[in-house]
1. Checking Asp341 against (1) assigned to a helix (DSSP H, G or I); (2) modelled with pLDDT of 95 or more: exactly one of these is not met. Which one?
2. Just checking, does region 37-57 include any residue being surrounded by 13 or more Cβ atoms within 10 Å (Cβ to Cβ), closer than 16 Å to Glu149 by Cβ, touching a strand residue (DSSP E or B) at 6+ places or on another chain (Cβ under 7 Å) and modelled with pLDDT under 95?
3. Of the conditions (1) surrounded by 13 or more Cβ atoms within 10 Å (Cβ to Cβ); (2) modelled with pLDDT of 55 or more; (3) not assigned by TED's automatic domain parsing to the domain that holds Thr134, Leu102 clears all except one; give me its number.
4. What tally of residues in region 169-202 results from selecting those that are assigned by TED's automatic domain parsing to the domain that holds Gly291, without any contact (Cβ under 8 Å) to a residue 24 or more places away in the chain and not in a helix (DSSP H, G or I)?
5. For the subset of region 226-274 comprising residues that are part of a strand (DSSP E or B), exposed (fewer than 15 other Cβ atoms within 10 Å of the Cβ) and modelled with pLDDT of 95 or more, which member is nearest to the chain's Cα centre (by Cα)?
6. Quickly run through region 173-187 and pick out the residues that are in contact with a helix residue (DSSP H, G or I) (Cβ under 6 Å, 6 or more places away or on another chain), modelled with pLDDT of 95 or more and not hydrophobic (A, V, I, L, M, F, W, C).
7. List pairs: first residue in region 290-302 and more than 18 Å from Ile193 (Cα to Cα), second residue modelled with pLDDT of 95 or more and small (Gly, Ala, Ser) anywhere in the structure, Cβ distance under 9 angstrom, at least six positions apart or on different chains.
8. What is the residue count in region 141-172 for residues that are in contact with a helix residue (DSSP H, G or I) (Cβ under 9 Å, 6 or more places away or on another chain) and either polar (S, T, N, Q) or surrounded by 13 or more Cβ atoms within 10 Å (Cβ to Cβ) (or both)?
Amino acid sequence: MGQYNRNRWVSLARISNLYPDIAEIKKTAGKKAFVQLTDFDKAFRILLTGQGKVIDDPCFYSYADKRIAYMYHLNREGNAEAYQLAINELKKFRPKLRYSQLDRSLMMKFIEFKKSEKKKDSDERKVKNGSIRTYIAEIRAIYNKCSIEYNLPDNTPFKGVFTDLPIRKRRAKNVYIDHEAIDKVKKSNLKQISYQRSLDLSLLQFYLGGQYLIDVYYLKWSQIHKKRVYFERIKLGEKKVEFDVKLFPEAEELINKYCTSQKDGYVFPWDKDRSRYKTFRDNHRRNVKKGLEILEIQTLPKNEPFNSRSPRHTFQTLGKFKFIDPDIIREIVGHERDDVDTVYKDKYPENVRDDAHKRIIYNLD
């Protein structure tokens, strides 16, 4: 009898434990976002397992934080920083914000708010139209992802908002050096080790086909095989596509000058923490500037600061001056076109790419 009562109470306890689950299912099923679901399997999974939260009106900033963290996880640091900057600007205008509150009226008021900001002790506008457009584009990207992930209605808050933000289109700033300057850098032997190293790294970027500093910084031994270097542009994150370039003797010599052991798999010994890379990049930019000043080298076309992207500009510009097919140059630097038919086209043969690469770095006709 005692055993019977015990089993009966256990059964009743199990039934009573269902009440919170049933209440949660009823609560979920009544939400507007759940009612709008069209995927039966997803709806069933949400009800029975709780996987895939249904949220009627999430905090927009909480979702933005989640999205920013995800971008960092994918190594898309540029996207993460752009998102964070835009969100910080929006928070200045509206410290608290739910998804449903983000409508066209709010965005128009945000635009007016940014336009009204003035520089300190001046009547000049603090933020230009181009910057405001960038903020809105990043906010829109986060909004669209939130709408899809939580199956929320798109209230089209960005429709027509760019009309009041006209900009004058102009070419991106291009800073490069010519072959005479490159030869001068190649022969340099500065006493200040940090200056010389930064000049050498810029040369290495150039000799590797104008690759980004971050891709050289995180270069691994496994990427070098049979006198070729295989890259996947880090800034593209999950969108990255592998491409390869020839390892010319000058590049190999510079790699050997600064390389480390193969213990951790990386070619260079510098700390691989992202915050350390940023510090390295900033110091590198200053050191290159100092190094070029010592060598009395002026950049083209207007002697503006030489930065971590300038070796890329140099490679592409010198290639253009030799009338090399732009598509060949794009393949060497790892920059694919966005044309619809690009996916159907194969790469140029290795020897064609290598010949163009050689002509650019050796200044051959």
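The values are calculated or read from the model by the stated rules, or taken from the named source; none is laboratory data. All of these numbers come straight from a predicted model, not from anything done at the bench. Heads up, the Cβs are rebuilt from the backbone with ideal geometry, glycines too, and the neighbour counts pull from every protein chain shown.
1. (2)
2. yes
3. (3)
4. Here the count works out to 3.
5. Result: Tyr230.
6. Tyr176
7. Ile297/Ala181; Ile297/Gly291; Gln298/Ala181; Thr299/Ala181; Thr299/Ser310; Leu300/Ala181
8. 17
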